[in-house]
1. Specify the residue that is nearest to B:Q118 (Cα to Cα); the eligible residues are those in the range B:211-246 that are within 17 Å of the chain's Cα centre (by Cα) and in a loop (DSSP other than H, G, I, E, B).
2. Could you look through the range A:18-39, keep only residues that are part of a loop (DSSP other than H, G, I, E, B) and exposed (fewer than 10 other Cβ atoms within 10 Å of the Cβ), and pick out the one that is modelled with the highest pLDDT?
3. Can you name every residue in the range A:67-89 that is out of contact with any His (no Cβ under 9 Å at 6 or more places or on another chain), buried (at least 20 other Cβ atoms within 10 Å of the Cβ) and more than 7 Å from chain B (Cβ to nearest Cβ)?
4. Can you name every residue in the range A:86-135 that is under 14 Å from A:H64 (Cβ atoms), in a helix (DSSP H, G or I) and touching a helix residue (DSSP H, G or I) at 6+ places or on another chain (Cβ under 9 Å)?
5. Identify the residue in the range B:37-75 that is within 16 Å of B:P214 (Cα to Cα) and assigned to a loop (DSSP other than H, G, I, E, B) and, among all such residues, is nearest to the other protein chains (Cβ to nearest Cβ).
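The values are calculated or read from the model by the stated rules, or taken from the named source; none is laboratory data. Here the structure is a predicted model, which is why all the values come from computation and not from measurement. Here Cβ is always computed from backbone atoms with ideal geometry, including for glycine, and neighbour counts include all displayed protein chains.
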Amino acid sequence: MNNTKTLYDGGKVITGLVIFVILVTLPFWYNHGKAAPEPQPQLTAKAKAEKACVRPKSIMKATHMQILNGWRNNVVRNARRIWETADGKRFNMSLSKTCLDCHSNKEKFCDTCHNYAAVAPYCWDCHIDKVKEAKE
Amino acid sequence: MKRSRRSFLQLAGVSALGLGLKPAAGLFAASGGHGRAPGEKVLKSEKALKAKQWAMVIDTRKFESAEDLEPLIEVCHKIHNVPSMKDKRHEIKWIWEEEFEHAFPTQELRFLPERIAQLPFLTLCNHCEHPPCVRACPTKATFKREDGIVLMDFHRCIGCRFCMAACPYGSRSFNFRDPRPFIEEINPDYPTRMKGVVEKCNFCAERLAVGRMPACVEASNGAITFGDLEDPESEVRALLRENYTIRRKQALGTGPAIYYIV
């Protein structure tokens with residue numbers, strides 16, 4: 001009865017394990033100390049002059065995609081195109097003509113956040129995102 | 001003792017029901033609701049044109065040749081960013097011209113008057129009263145709006161093309177390719193479409209919403225009349241009272257809302 005617990009090919013097994021662990025954790029080492037900076041969406045001069053968004057800023061970040069969903073359903077399916085904010089201001093419910101009118105710097109506004117959060121809204125396959133350029 | 005236990009169980013049952021309902025109610029709000037906070041409203045413009053069933057009467061006597069139709073087709077395709085594809089198989093059309101015998105194959109064709117045999121007819125989505133495409137659509141991307149317009153919600157279109165098979169008028173086109181490179185001049189006021197969705201005429205829903213007539217009607221110099229079929233006082237009803245009109249493939253029972261005075 002041989003009761004000694006031998007690790008056959010111990011050297012190879014340990015080396016293999018070490019290589020495995022290094023490979024698996026490589027992405028962490030690779031990105032070490034390079035945390036992407038928090039996005040800083042910039043406001044255009046027009047947005048700054050208008051001061052307020054279509055809803056208070058505190059909840060815009062978390063709810064803008066829900067607003068857009070409501071807007072498109074209301075416009076396309078219910079034939080309603082006017083949005084009245086809680087304090088009585090009116091907007092045309094349009095992605096390109098309203099959101100991108102104030103936030104015409106899409107790259108420095110919408111995109112900085114979305115790249116950071118790795119969301120890629122497919123809206124721009126159809127909706128015009130360069131309203132000014134398209135006009136020229 | 002017995003009664004109180006019974007009432008306890010009743011109360012427990014009702015509360016459980018309530019607890020079960022609350023998340024369900026939230027679920028409906030999330031999907032069917034329109035994401036509004038207290039105080040926020042969605043409204044129609046006061047200028048919006050309203051009807052129970054929009055319809056069109058095309059007076060073909062006022063058209064002489066294809067040249068008369070071209071400006072109408074052009075303005076529609078231009079404002080809606082409809083691409084012009086070179087390859088016929090990829091063609092996208094919202095409004096187009098058709099020979100009488102193709103537009104009205106079930107009509108008497110044997111001894112056609114020369115004028116009608118020569119004349120190109122303007123054809124577009126019929127915005128049927130009983131639209132077969134709406135029944136075929138598995139995602140409700142195509143639906144009949146309360147004003148009778150058969151509309152497409154491009155956000156829901158999955159490109160299955162059942163609607164194209166269902167439409168007896170060939171009113172629908174499929175985007176086999178990304179349409180953007182084939183649009184000469186993009187109109188920034190209307191979205192384009194993308195590869196993989198079906199599209200068709202929308203009776204200019206975006207113009208009716210701001211009180212304007214459809215673009216083809218506006219460009220037709222009075223040859224096309226647009227109005228409410230359900231309103232006996234409307235202009236279209238007056239025309240239908242005074243003139244004999246035909247519709248495309250009526251026998252199918254789809255109830256086309258485009259009438260032709262021939």
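1. B:P214
2. To start, the set of residues in the range A:18-39 that are part of a loop (DSSP other than H, G, I, E, B) comprises A:31-39.
Those still in the list that are exposed (fewer than 10 other Cβ atoms within 10 Å of the Cβ) too: A:32-38.
Working: A:H32: 80, A:G33: 76, A:K34: 75, A:A35: 74, A:A36: 76, A:P37: 82, A:E38: 86.
Among those residues, the one meeting the criterion is A:E38.
3. Across the range A:67-89, the qualifying residue is only A:V75.
4. Across the range A:86-135, the qualifying residues are A:L95, A:T98, A:C99, A:L100, A:C102, A:K106, A:C110, A:C113, A:C123.
5. Going through the qualifying residues, I end up with B:A48.
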